[in-house]
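Have a look at the structure below, then the notes.
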Amino acid sequence: MPELSTKKTGEGYWLVEVPGWWGGTDARTISDPRPDADGDFDQDPVFAGPRFPIVIGRVRFEDEAELFDARRPISMIGAYREPFTMEVESLDGVQRATVVRNGRPTWDMTQGPYFAEFELPLKAADPRKYGPLKSSTSGLPVAGGGVQSPVVSPFTQIGGGNPGRVTLTNNGTTDTVPRLIVAGGGMSGGVQLTRIETGQRIRLEWPILDSDVVTFNPGDGQVWLNDQSPIAGYLTLADWWTLGPGETATVQFEALGVVTGTPTLTIEGRDADL
């Protein structure tokens, strides 16, 4: 998709507005009436519906042939209904959503000479707007050097250890789903990941080789080996979790069995807004 800016400079494309992007989306409410009383039964939770942004822009060219040719990039966007990433930069920063085309673009050349206005209707099945990718990486726990001996005042720790934990904070206004990636080393019995704040555990009893990359995706409860083989069937604990608005997740990295190489755990995710 062409990059559109609200700052009009000379010829080319520019952005007018993106209605449907800035506010929230309609709630998916369900009416379940009480048969012999006022009101409905409670609906908990109330989920948000999809997002329907519309990109409204203009194109200006002094050459009429160039103006006609400018329709093609707009018409080709999502022509086969393939999802693509839409990014909007504003005072909120850069936010993105995965969208598909939700109808045919319009192209109006009656606005004035040498320019046209177009509208591109889109649909985001996931209504969240995601910020830039954030990540944190750690190796396995390593014991520290203890304390200085003999003990003196002030109390001094020798240090040098590593707790083997990764952290991620969601600064958005709605839930986000991080991913957990284990790579860089082998663990003969598998791996266990524990969220410290809640005690929720994900335990995979599957031998991980030095060359393997194992991706845990709480969004669909799946575990991928080298991005191609699903191995969630080897989970013996699967307390999946999402990261709520304002929450921080601290994940403990633990190896099962014999360790080879230098395994690492990476947590990655994006702030999410509705």
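The values are calculated or read from the model by the stated rules, or taken from the named source; none is laboratory data. The shown structure was predicted, so the numbers you read here are calculated from the model rather than taken from an experiment. Methodologically, a virtual Cβ is constructed for each residue, glycine included, from the backbone with ideal geometry; neighbour enumeration extends over all protein chains shown.
Give the residues of region 77-95 that are in a loop (DSSP other than H, G, I, E, B), crowded, with 16+ Cβ neighbours inside 10 Å and among the aliphatic types (A, V, I, L, M), sorted by residue number.
Ile77
Which one of these is in contact with a strand residue (DSSP E or B) (Cβ under 8 Å, 6 or more places away or on another chain) and in a helix (DSSP H, G or I): Ile74, Ile56?
Ile74
Quick check, is Gly103 more than 30 Å from Gln192 (Cβ to Cβ) and either part of a loop (DSSP other than H, G, I, E, B) or modelled with pLDDT of 95 or more (or both)?
Criteria met by Gly103.
For region 229-250, which positions are within 18 Å of Glu205 (Cα to Cα) and not small (Gly, Ala, Ser)?
Residues satisfying the conditions are Pro230, Ile231, Tyr234, Leu235, Thr236, Leu237, Asp239, Trp240.
Which condition does Pro50 not pass, out of (1) touching a residue at least 12 places away in the same chain (Cβ under 8 Å); (2) outside the structural domain of Glu87 (by TED's automatic domain parsing), if it passes all the others?
(2)
Regarding Thr98, is this residue over 25 Å from Lys8 (Cβ atoms), polar (S, T, N, Q), under 31 Å from the mean Cα position of the chain (by Cα) and surrounded by 12 or more Cβ atoms within 10 Å (Cβ to Cβ)?
When the stated conditions are applied, Thr98 passes them.
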